[in-house]
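Scroll down for the structure; my scribbles are underneath it.
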Amino acid sequence: MLMNRLSLIIVFLWLLAAGTAVASSNKDGRPEGGSLSYGEYGRPATLDPITSNDMIALRISELIFNGLVGIDEKQEIVPELAKGWDISKDGGTYTFYLRQDVKWHSAPGQESRVFTAKDVVFTYNVMMSEKTVTPLKLRYEFIDKVTRVDDYTVRFTLKRPILNALAKFTFKIIPEFGPAAGEYLRRDDPFVRAPIGTGPYRLKETKANGDIVLVANEQYFRGRPNLDKLVARPFADQNIMNEALMFNSIDMTVLVNPRNIPELQGDRRFVLQAYNALSYSFFGYNLRNPVLADKRVRKAFTMAINRQEMLDSFFNSRGKVISGPFAPGSWAYNLDVRPLAWSPKKARELLKEAGFKAGKGGFMYKDGQRLSLSLKVPIAKESEATKRVVLAFRNYLKKIGVEIKVSFLEWQAWKETVFLNHDFDVMFASWVFDDAADISSLFHSAEIGEWRNNFGAYSNPQVDGLIAEAKLTLDHEKKRTIYRRLHEILADESPYTFLWTLTNYAGYNKKIRRVRIHPYKFFTYADRWYIRLKDQKKDKKKKGK
Amino acid sequence: MSNTQKHCCVLALLAVLVPCPAWSDSGPSQPGGYLDRHRYQSVINAVTAERELSGDMDSLMILAMALRESSELHELIQRHALSVQQAYLGRILKAGASRFAGLYLAEVLLQTKDAGKAGPYLDRFLAQKDVPAKFAQIARIHKARALYLQGRTEQARKQISTMRTTDAEVRAELVSARTLLGMQGLRSSALELKDIADAQLQVQGAVSIRVLNRLLELYGSLGEFSEAWARLREANTGAPVFMEQRRDGAELRFYSAGLPGNIARIHRLAAMEFFAILRKIDTYRVPASYMLQEIEAWFPDRDAAAKKKAGTAQASPVPEALRPMQDIVDAVELIRTGDGNSGELMLDQAAGRYARDPEILTRLLQACARVKARCETVRSTAAALSDSVRGDAFRLLQSGLGVHSLSLGNEREALEQLEAGRDKSRKNSIEVNQPLNLMRIAELYRKAGVWSEHLEIYFELAEEFPTARIIYDAAQGIYAMEQNSAGEVKVF
């Protein structure tokens, strides 16, 4: 009872805070108007929050959709589509009270539909449907059922209480009338390219050149966003994206090419803002290939390459070499685990232990087969530095008798090759994590399959067990201990060659004001960004010319 | 002139006074290069090893400078470590996650002289069932310390007067407490600690962090550094003082509450002694005297024994190149001795004279920050110059302004300025950014709940300065509890 009263007080306080936010949106003195075009390093395959698993789509869906709860600038949980909630004493039931003033996006002249509890239930069912292809399932398996209590009340019953459960309800809600298929969502559903949300911006169009145009949602329940329009513009080459920023053809790049950092830092027209500390780059191995299923071979690859030298040479020492599956800025990184030292000699010994012998052309052979592997790299990553990394990897491995055949693929083709068809031996990419540092979808054997994050089919019962234990525990210190152990095991098992963490920077024109960037989702606070009227006028003049 | 030489000269303010030490010309693997890259611990390790072979004065100068910088850095580590440890231990105690958190929280509180709060934590720790005898004894010794800090000396003495132990760590705590309570002399205590450490080394192969901490403390109080310094060189100062293994497999790490501060003190004592030696050599007389004086100004009323030994005399008339620095030291002394107006006026006048010199203006701002003076003229002069310069000069001034804003409690402004002063090409690197400024930025991010930025900085720092790990581990613990994310991960 006391607990209920307490939670009601909390809800009341949150409501007050939310009320303040709504009120401040129109009274903050910030001018409306102006547009912002930003450069992306590729085109998203889908724009919905359920089927996508890349950062480009995540950034757009952050503008179009809302969750039941959100995260504010202080990283606190705040109401979003839910105006409040109750948590049962045992932590097993979460009841959300929904706002009654939320409408789904509609084109001008069309009538907007109202958001209700049905949409919440529908979204959950779609996410968990066997037919839906999504990386979200594992994350939400802790929910037993969801019940629509009435039009504006929805109740989630958990299979068991979990740590930080409330944060999980940040998942984005889609409308019941959205997907053509009804109860599930696949990548061929028109909805994934023409999504309808409740967020501050609605999708206006995707142009033939790949520009994705979003316009202000005049009916946004938190108040109309300040900027009239946002345009996401894809660039295949990061150097060209930077040039576009320097010559004012775009206003922002979400990812500054490392070699352009000094140029931007020295230019007073631009702001360079670091974000997204929790990411790292890696070479991932396909363990379906029997050669790579041998841990000794994977370790040999890691020991054959001089990561520090690559970092120093190609990134001017920006970033840090890491030893395992967490970024150093996360709460889970285990400082006791040191990166494997560079040792081509030991690498060769490991390959010999694995049954390989040096043969023709200096390559390693086993059962008459040359040790030759394919490496697939997304073309969106084809910056000069990345190219050098990939070529250096090839050369390092050549020195221990391994042949690597590199191919660059367009972003979507690469994703299909790696995540759908699993047609690769080695891949190069980066992962980006939110604060939870959840690696379960990357290494749990239940996550092997089409469009799943365990693309390399890594399977280890001990790792599965630890991941499950980490999910079950309600104790933070226990979870930390488990994650430290996971770090140790995965560093030893080397399903990836963990490379380094690099700081991500956004670069933007100073005319964009009050820019707060969410470290992971990027545009979470973009509804409050603005451009001063005099800068808007300047922009109009330029366009007029 | 190479960057290394230039920086080295600037750092020592010797540009026109003395030739730079020969090592400053060598590559980054040499001590001069390390100093230029703020790798003070590497300098200390390299020069110490080298000096055993050569004993030349160039290397002694570099070593003394590195020790001075290291001392200041460890002072800040100590301050931030206490703050983050207090927050972390308080949380796990509240969550009922540890049987030992109360003991270690009390150690942190005793270190901050908050004896009134430490006592109840110790009582609760002792009231638990089956507290291991060793930890119960340590807690009782801490209770005595708390009583003493509250002015109840007799009661404190009674608490430990009959205590007997064979455990090395308990003995170390007992010797330290008995010394504090005036129950035994400082020198005999230090010698006893040395014996405890020797025995521990013989039996266990290493001196434990708890014993090391008390040994540094006592030798620091004596104003002697060599014994403590020798022990430090053999120790892993990033190791926890204790690891609690819970029945459910969880492992909790607890760190020494006073170790970074004691390291700071030993390094400062060593630096003072080396500068005192260098002051007697013509080539180094002026800079060594100045640096000695500066240490005394920055750390007043401490290390009295060492001061007595080193003396404070400024050797000769101050050369023109060193004049602004001397003004700063004099002004700080004036402010500290109660003549704030004259001191601030002196700093403001210096700002007027050096209105186009970003380095001196930054030093003036730092001096103002040390004494928490408003220094409006210094500030406005620095801000005006910052508006008209670019590159390194701009960043230097912004950092200076940030340090000053921080001293006045303007944290938001401080973060903006310190960020503007941060070299983004390698934003967390201590080689291109001043470690002290990185730590200030990290602390401001911690207060703002931006944990990943905070941790990234300490990840880097811990590589060179192992005690930074105290902060990294505790901050990870709070971050794990505070994070409010759904568990998303995306490829890019």
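What follows draws every value from the coordinates through simple rules; no lab data is involved. Source: prediction; values computed, not measured. Positions of Cβ are generated from backbone atoms using ideal geometry, with glycine treated the same way; all protein chains shown enter the neighbour counts.
Values as computed for the structure displayed
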quantity: For residues of A:118-131, the mean tally of beta carbons on other chains within 10 Å; calculated: 0
quantity: 17 Å Cα-Cα reach of residue A:352 towards lysines, excluding residues that sit fewer than 8 places from it in its own chain; calculated: A:295, A:299, A:360, A:366, A:398, A:399
quantity: Residue A:113 long-range amide H proximity, modeled H, under 5 Å; calculated: A:104
quantity: Distance between modelled label sites at residue B:150 and residue A:468, nm, 7 Å Cα→Cβ extension; calculated: 5.1 nm
quantity: Residue-count net charge about residue A:55 - beta-carbon cut-off 11 Å; Lys, Arg +1, Asp, Glu -1; calculated: -1
quantity: For A:319-330, mean number of other protein chain Cβ atoms within 10 Å; calculated: 4
quantity: Local electrostatic count at residue B:374 - Lys and Arg +1, Asp and Glu -1, tallied over other residues with Cβ under 15 Å; calculated: -1
quantity: Table column - 3J(HN,Hα) (Hz), region A:46-56, Karplus curve with 6.51, -1.76, 1.60, x for Gly and Pro; calculated: 9, 10, 8, x, 9, 8, 6, 9, 10, 5, 5
quantity: Whole-Hz couplings from phi, Karplus 6.51/-1.76/1.60, listed for region B:183-192; x for Gly and Pro; calculated: 8, 8, x, 5, 5, 5, 5, 4, 5, 5
quantity: Efficiency of FRET from Cβ geometry, residue A:445 and residue B:204, R₀ 45 Å, rounded to 0.05; calculated: 0.60
quantity: Full-extension gain in nm, residue B:195 to residue B:76, via 0.36 nm per residue minus C-alpha separation; calculated: 39.8 nm
quantity: Estimated dipole of region B:331-388 in Debye, rounded to 20 [Cβ of Lys and Arg +1, of Asp and Glu -1, Cα centre]; calculated: 140 debye
quantity: Cα-derived Rg to Rh of region B:144-197, Kirkwood definition; calculated: 0.97
quantity: Chain A: antiparallel DSSP beta bridges as a percent of all, rounded to 5; calculated: 75 percent
quantity: Between helix A:117-128 and chain A: long-axis angle, C-alpha atoms, 0 to 90°, nearest 10; calculated: 10 degrees
quantity: Quarter of the Cα convex hull surface for region B:173-283, i.e. its orientation-mean projected area (nm²); calculated: 9.0 nm²
quantity: Residues of type aspartates and glutamates that residue A:511 reaches as a straight line, Cα spacing below 17 Å, ignoring anything fewer than 8 places off in the same chain; calculated: A:32, A:228, A:251, A:267, A:527, A:535, A:539
quantity: Long-range amide H partners of residue A:36 with built H, under 5 Å; calculated: A:229, A:230, A:231
quantity: Ordering of B:440-453, B:207-220 by burial proxy (mean other Cβ atoms within 10 Å per residue, highest first); calculated: B:207-220, B:440-453
quantity: Around residue B:398: net Lys/Arg minus Asp/Glu count, Cβ-Cβ under 9 Å; calculated: 0
quantity: Residue B:234 versus residue A:183: modelled label distance in nm, points set 7 Å from Cα along the beta carbon direction; calculated: 7.3 nm
quantity: Burial order of peptide ranges A:494-505, B:353-364, A:248-259 (average beta-carbon count within 10 Å, highest first); calculated: A:494-505, A:248-259, B:353-364
quantity: Rounded to 10°, Cα long-axis angle of helix B:285-298 versus longest principal axis of chain B; calculated: 50 degrees
quantity: Estimated 222 nm signal from helices in chain A, with DSSP H stretches of n ≥ 4 weighted -39500 (n - 2.57), rounded to 500; calculated: -9000 deg cm²/dmol
quantity: Magnitude of the charge dipole, chain A, Cβ model with Lys/Arg +1 and Asp/Glu -1, debye to 20; calculated: 1460 debye
quantity: Most positive-pole-ward Cα, B:189, B:215, B:201, against dipole of chain B from beta carbon charges; calculated: B:189
quantity: Farthest toward positive dipole pole in region A:447-506 [+1 Lys/Arg, -1 Asp/Glu at C-beta], among A:460, A:506, A:496; calculated: A:506
quantity: Ranked by how many other beta carbons lie within 10 Å on average, peptides B:89-101, A:519-531 from highest; calculated: A:519-531, B:89-101
quantity: Rounded FRET efficiency, nearest 0.05, which uses the C-beta distance separating residue B:184 from residue A:388 and R0 of 45 Å; calculated: 0.10
quantity: Shielding score for B:422-435, defined as the mean number of other chain Cβ atoms within 10 Å; calculated: 4
quantity: Relative frequency of Cα-Cα separations exceeding 36 Å in chain A, percent; calculated: 37 percent
quantity: Relative counts (whole %) of C-alpha pair distances in the protein assembly as shown, using bins that are 20 Å wide; calculated: 12, 39, 37, 13, 0
quantity: Candidate lysines for bridging to residue B:158, where Cα separation is under 25 Å - those fewer than 8 sequence places away on the same chain excluded; calculated: B:113, B:117, B:129, B:134, B:143
quantity: Cα→Cβ-extended label distance, 7 Å offset, between residue A:131 and residue A:492, nm; calculated: 4.5 nm
quantity: Degrees separating the helix A:384-399 axis from the principal Cα axis of chain A, which is the longest one; calculated: 30 degrees
quantity: Taking chain A and dividing mean pair separation by its residue count, relative contact order in percent (alpha carbons under 8 Å, at least six apart); calculated: 19 percent
